[in-house]
Amino acid sequence: MSVQPKPERKRITTHQLQEMKGRGEKIAMLTAYDYSMARIIDRAGIDIILVGDSASNVMAGNETTLPITLDQMIYHATSVVKAVKRALVVVDIPFGYYQGSSGEALRSSIRIMKESGAHAVKIEGGSEVKDSVLRILSAGVPVMGHLGLTPQSIYKFGTYTVRAREESEAVKLVEDAKLLEECGCFALVLEKIPAALAEKVAKQVRIPVIGIGAGSVDGQVLVMQDMLGITQEFKPRFLRRYADLSSVVTGAVQQYVKDVKSSAFPNEEEKY
Ligand code: KIV
């Protein structure tokens, strides 16, 4: 009897994500920043992997996303892309690499795509970044938008609290979402806004809306370290923890230390 080769897992495309919205299939997205974790979550069936600039917080230990550089984002993205067979890999353009001009935004996107092999970029903001979004798209690079709480503007907001509770900010957010769709963005992240507003946006645009603290929309995104319980201090209401890896790792390391100190490790079978 001949063994049939396993069918290749088909890569998720921006087009497929839009079809998923069309048939009401929810989109699951998580962040990843390294080869080993990206391989696990890709095999587990994640649709989109975001190489988020949250790497600045969870990988580099910075207080905000602002310090991370384009070179550092490309380093993380390159490691992730090598691991991924199925998911669409989206990379954040970090703070300071697209705000100067649309030419700068294009150059940053091209570096990300060329050097890492990623499939799309994400950019924070609405009408302020319209020219950059159009310029990046003109080079054939898919763009994901990001509205609501945009962490790169944290010093303008002054706080990580829920955005767009005020009517004027909510109106601008809906206009920006429509604008990003018109420009050609393939999807939109909405972060930390009232659920009713996010649902309204998801109904008014045809592109998938992925929420984080934005209620039930076309898909969800979480920072992997948060949902796995690696980060302990960060406990916003929207975060569901699916594991307590901090305790698992602490327990394993404590046991290892004990075994080394007592010479219980290595045993006879673990020696050559
Ligand atoms: O950088 C990031 O992890 C993000 C998500 C929170 C959407 O932008």
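The values are calculated or read from the model by the stated rules, or taken from the named source; none is laboratory data. Note that this is a predicted model, so its numbers are computed, not measured. A quick note on method: Cβ atoms are made from the backbone with ideal geometry, for glycine too, and the neighbour counts reach across all protein chains shown. Quick note on the areas: whole protein, heavy atoms, side chains included, nothing else; ligands and nucleic acids left out. Shrake-Rupley method; radii C 1.70, N 1.55, O 1.52, S 1.80 Å.
Suppose R0 equals 51 Å; then what is the FRET efficiency for residue 256 and residue 10 from their Cβ-Cβ distance, rounded to the nearest 0.05? It comes out at approximately 0.80.
Would you mind working out the accessible area per residue for region 17-125, using a 1.4 Å probe, and quoting it in Å²? If you can, show how the numbers build up before the last one.
On the way: 4370 Å² over 109 residues.
With all protein chains present, region 17-125 gives 40 Å² per residue.
Globularity index of region 173-272 is 1.75 (Cα radius of gyration / 2.2 N^0.38 Å, N = number of residues). Principal-axis analysis of the Cα atoms of the chain puts helix 102-116 at an angle of about 30° to the longest axis. P(r) for region 14-241, from all Cα pairs and a bin width of 10 Å, is 8, 36, 41, 15, 0 %, short bins first.
Going through region 179-237, which GluC sites (Glu not before Pro) have at most 14 other Cβ atoms within 10 Å and a DSSP loop state?
On the way: sites: 181, 182, 191, 199, 233; in loops: 233.
Listed in order of number, the matching sites are 233.
Across region 128-140, coupling constants 3J(HN,Hα) worked out from phi with the 6.51/-1.76/1.60 Karplus curve, θ = phi - 60°, read 4, 10, 3, 4, 5, 4, 5, 5, 5, 5, 5, 8, x Hz, and Gly and Pro carry x. For region 234-270, the set of chymotrypsin sites (Phe, Trp or Tyr not before Pro) satisfying both a DSSP loop assignment and a count of at most 14 other C-beta atoms within 10 Å is given as 234, 242.
Using 0.36 nm per residue and subtracting the Cα-Cα separation, the extra length available between residue 271 and residue 110 on full extension is 53.0 nm. Per-residue ellipticity at 222 nm for the chain, helices alone: DSSP H runs ≥ 4 residues times -39500 (n - 2.57), over residue total, nearest 500 deg cm²/dmol? That calculation yields -12000 deg cm²/dmol at 222 nm.
Across the chain, the mean sequence separation of Cα contacts (distance under 8 Å, 6 or more residues apart), normalised by length, yields a relative contact order of 15 percent. Only Cα sites of region 158-227 enter the Debye sum here, all with the same form factor; the resulting log10 I(q)/I(0) across q = 0.13, 0.21, 0.27 1/Å is -0.35, -0.87, -1.27, listed in q order.
Which length gain, in nm to one decimal place, applies between residue 165 and residue 23 when the Cα-Cα distance is subtracted from 0.36 nm times their residue separation? Please report the intermediate quantities before stating the final value.
On the way: separation 142, 0.36 × 142 = 51.12 nm, distance 3.02 nm.
The residue 165-residue 23 span can extend by a further 48.1 nm.
Once the Cα atoms are used to define both axes, helix 195-204 deviates from the longest principal axis of the chain by about 60 degrees. For helix 70-83, what angle does its Cα long axis make with the longest principal axis of the chain, in degrees from 0 to 90 and rounded to 10? Roughly 60 degrees between the two axes. Based on the Kirkwood approach, the hydrodynamic radius assigned to region 111-254 is 16.5 Å, with every pair of different Cα atoms included.
To the nearest 0.05, how large is the calculated FRET efficiency for residue 204 and residue 156 if R₀ is 35 Å and r is the Cβ-Cβ distance? Please report the intermediate quantities before stating the final value.
Numbers: r = 26 Å, r/R0 = 0.74.
FRET efficiency, residue 204 to residue 156: 0.85.
Anyone know which of 251, 148, 61 comes out most mobile in the 10 Å Cα GNM of the chain? Among 251, 148, 61, the largest GNM mean-square fluctuation belongs to 251. Take the alpha carbon atoms of region 23-93, find their center, do the same for region 116-161, and report the distance between the two centers in whole angstrom. Here the answer is 16 Å between Cα centres.
Mind listing which trypsin sites (Lys or Arg not before Pro) in region 5-65 are in a DSSP loop and have 11 or fewer other Cβ atoms within 10 Å? Sparse-neighbourhood loop trypsin sites (Lys or Arg not before Pro): 10, 23.
Taking 0.36 nm per residue of separation and subtracting the Cα-Cα distance, what length does fully extending residue 82 through residue 240 add?
Numbers: separation 158, 0.36 × 158 = 56.88 nm, distance 2.84 nm.
The span from residue 82 to residue 240 would gain 54.0 nm if fully extended.
Hey, what's the Kirkwood Rh for region 12-64 if you take every pair of different alpha carbons, in angstrom? Present the calculation step by step, with values, prior to reporting the outcome.
Working: mean 1/r = 0.0804 Å⁻¹.
Taking the inverse mean of 1/r over all distinct Cα pairs, region 12-64 comes out at 12.4 Å.
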